[in-house]
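Here the structure comes first, spelled out in structure tokens, and everything after it is commentary.
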Amino acid sequence: QVQLVESGGGLVQPGGSLSLSCEVSGSIASIRSMNWYRQVPWNQRELVAQITSGGTTLYADSVKGRFAISRDNAKNTVALQMNSAKPEDTAVYYCNAFARDGVGNGFRDYWGQGTQVTVSS
């Protein structure tokens, strides 16, 4: 069974920095992309950043130039460095992996439990 565990959420002041990390564990055959999403109450979950197995990155316009996603393929981990944080970055952040498990199932989305990030003075 594939599991994603996030860490690193919390409170940060506007203009500050915070780092999130996520580890994928279990029987994994392949991870195509690793992603960070965020969600605020009554809104849809939105893609914040994506990194493919080849290292190609994609960012939401709202975080370009402030956030950086990185990935360690050997360790199956993904991180999100949040800089110049803004109050509108406040949300629950979810780690996501589009992966294929090691028992013969096809590619599908796997999700972490979410971690709260609050940007406030």
| message | Return the equivalent ellipsoid semi-axes of region 1-103 as a descending list in whole Å, where each equals the square root of 5 times an eigenvalue of the C-alpha gyration tensor. | response | 24, 14, 12
| message | For residue 3, project a label point 7 Å along Cα to C-beta. Then give me every residue of region 82-121 with its amide nitrogen under 15 Å of that point. | response | 111-114
| Whole-Hz ³J(HN,Hα) from phi, Karplus 6.51 cos²θ - 1.76 cosθ + 1.60, for region 105-115, glycine and proline x | 7, x, 5, 7, 7, 10, 10, x, 7, x, 9
| task | Using DSSP to define loop residues, name the trypsin sites (Lys or Arg not before Pro) in region 59-121 whose beta-carbon has at most 12 other beta-carbon atoms within 10 Å. | result | 64, 75
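Quick one: accessible area per residue over region 4-44, 1.4 Å probe, rounded to a whole number of Å²?
Numbers: 2190 Å² over 41 residues.
Per-residue accessible area for region 4-44 comes out at 53 Å².
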| Once you list every other residue whose beta carbon is under 14 Å from the beta carbon of residue 56, what net charge do they have if Lys and Arg are +1 and Asp and Glu are -1? | +2
| message | Considering only protein heavy atoms and a probe of 1.4 Å, how much of the accessible area of the chain is carbon and sulfur, as a whole percent? | response | 46
| query | Considering only DSSP beta bridges whose two residues both sit in region 1-118, what percent are antiparallel, to the nearest 5? | reply | 95
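The values are calculated or read from the model by the stated rules, or taken from the named source; none is laboratory data. Small disclaimer: the values here were computed from a predicted structure and weren't measured. Cβ atoms come from the backbone with ideal geometry, glycine included; neighbour counts cover every protein chain shown. Note: accessible area is taken over every heavy atom of the protein model, side chains too, but ligands, DNA and RNA are not part of it. Shrake-Rupley method; radii C 1.70, N 1.55, O 1.52, S 1.80 Å.
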